[in-house]
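What follows is one structure encoded as structure tokens, with my remarks underneath.
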Amino acid sequence: MYVYYCDISNFINDNTLYEQEKRGLMDLIDNERLEKMKKYKSVSDEIRSLTAGLLIQVALQDHINKTEYLYSDCESIISLKEKLSQEGKIEIHYSPNGYGKPFIIAYPNFHFSLSHSGSYVALACHDEKIGLDVQEERGSKAIAISDRFYAKEERKILEEAPDKESQTHAFYRIWSAKEAYIKYTGRGISENLASFTVDLERHIVKKADTDATTGYIYEPLHLENTSSMICSGSEVRNIAVIKVVL
């Protein structure tokens, strides 16, 4: 499994810098993503969409070229402009599954999942179905929301948290894992969030009130003030983390 991520805080904090780099970066993404990016009214959302398109290009190039990275605690760092200027962009056409999750028509074995929040955009890819979610931790009405969307074991974790900070962190870890799971299944919001339980200690997802494992969760990214989770249908031994620099 490969996980790519990019810190876009420089563009978020300095829109002038973004406008200077925008045209050159737009030339590197596929036309369908380009049209999607142009629909955003918020500059921050536009930046995130553009960066997502760039990460897809990098990851798909690596998939096609069978690029290998070291599986270790030390992340790899690559320059996006240098890599894509050498390889050239791939024109991509997407098609959604029955619930709206996109896949790339020409590369059906390239399973990927995108997520962005705050200053980070990330992409995970694997040789089987996968789900990724990134959540900036901005405080929350943890208990109120958990009453509606969390299984009883998850609510118990929040209720037993020693302080507000721990409770908020636990809330986002669980929420990110739940989002990663429904992205993995491909069912999206049609999946009842309270119908399954995230076990943070065993790093699994199980059906509520049972021990039947339906997914495995991982936390390979360590991002500032941000929770991130990946979910797959089988155990993954090796995860490579690649930091992409714009």
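The values are calculated or read from the model by the stated rules, or taken from the named source; none is laboratory data. Worth saying up front: this structure is predicted, and the values here are computed from it rather than measured. Virtual Cβ from ideal backbone geometry, glycine too; neighbours counted across all protein chains shown. To get the accessible areas, we keep the full protein, side chains included, count just its heavy atoms, and leave off ligands, DNA and RNA. Shrake-Rupley method; radii C 1.70, N 1.55, O 1.52, S 1.80 Å.
Sorting LYS206, LYS183, LYS39 by accessible area puts them as LYS39, LYS183, LYS206; the probe is 1.4 Å, largest comes first, and only protein heavy atoms count.
Each Cα pair under 8 Å and six or more residues apart adds its separation to the average, and for the chain the resulting relative contact order is 25 percent. Residue by residue, the stretch 146-157 carries 3J(HN,Hα) couplings of 5, 4, 8, 10, 9, 6, 4, 5, 6, 5, 5, 4 Hz when phi is fed to the Karplus relation 6.51 cos²θ - 1.76 cosθ + 1.60 (θ = phi - 60°); x denotes Gly or Pro. Secondary-structure-derived ellipticity at 222 nm for the chain, considering helices only, amounts to -12000 deg cm²/dmol, per-run term -39500 (n - 2.57) for DSSP H runs with n ≥ 4. Relative to the longest principal axis of the Cα atoms of the chain, the long axis of helix 43-65 makes an angle of roughly 80 degrees.
Heavy-atom accessible surface of the chain, averaged per residue, reaches 51 Å², computed with a 1.4 Å probe. Each peptide in 132-139, 69-76, 116-123 was scored by the mean count of other Cβ atoms within 10 Å over its residues; highest first, the order is 116-123, 132-139, 69-76. The phi-based Karplus calculation (6.51 cos²θ - 1.76 cosθ + 1.60; θ = phi - 60°) puts the 3J(HN,Hα) values of the stretch 130-138 at 8, x, 10, 9, 10, 9, 5, 8, 10 Hz, whole numbers, x for Gly and Pro. For the chain, the carbon plus sulfur part of the accessible surface works out to 47%, probe radius 1.4 Å. Rounded to the nearest 10 degrees, what's the angle between the helix 15-26 long axis and the longest principal axis of the chain, both from Cα atoms, 0 to 90? Between helix and principal axis, roughly 70 degrees. Remark: spin-label model distance LYS156-SER85 equals 5.7 nm, labels positioned 7 Å along the Cα→Cβ axis. Across the stretch 66-83, computed HN-Hα scalar couplings (Karplus, 6.51 cos²θ - 1.76 cosθ + 1.60, θ = phi - 60°) run 6, 5, 10, 10, 6, 8, 7, 6, 8, 6, 7, 10, 10, 8, 4, 4, 5, 5 Hz from first to last residue, x flagging Gly and Pro.
For helix 164-185, what angle does its Cα long axis make with the longest principal axis of the chain, in degrees from 0 to 90 and rounded to 10? Its long axis makes an angle of about 70 degrees. First check a/c for the stretch 73-193, with a ≥ b ≥ c the square roots of the eigenvalues of its C-alpha gyration tensor; if it is under 1.5, answer rounded, and if not, answer prolate when a/b is larger than b/c or oblate otherwise. Oblate is the answer for the stretch 73-193, as a/c is 1.5 or above yet b/c matches or exceeds a/b. Between amide H atoms placed 1.01 Å from N, distances below 5 Å from GLY118 occur with GLU136, all of them 5 or more places distant or on a separate chain.
Pairs over the 18 Å Cα-Cα cut-off, from the set LYS39/LYS81; LYS22/LYS89; LYS39/LYS178: LYS39/LYS81; LYS39/LYS178. Computed with a 1.4 Å probe over protein heavy atoms only, the accessible area of VAL58 comes to about 0 Å². Reducing the stretch 120-170 and the stretch 13-59 to their Cα centroids gives an inter-centroid distance of 28 Å.
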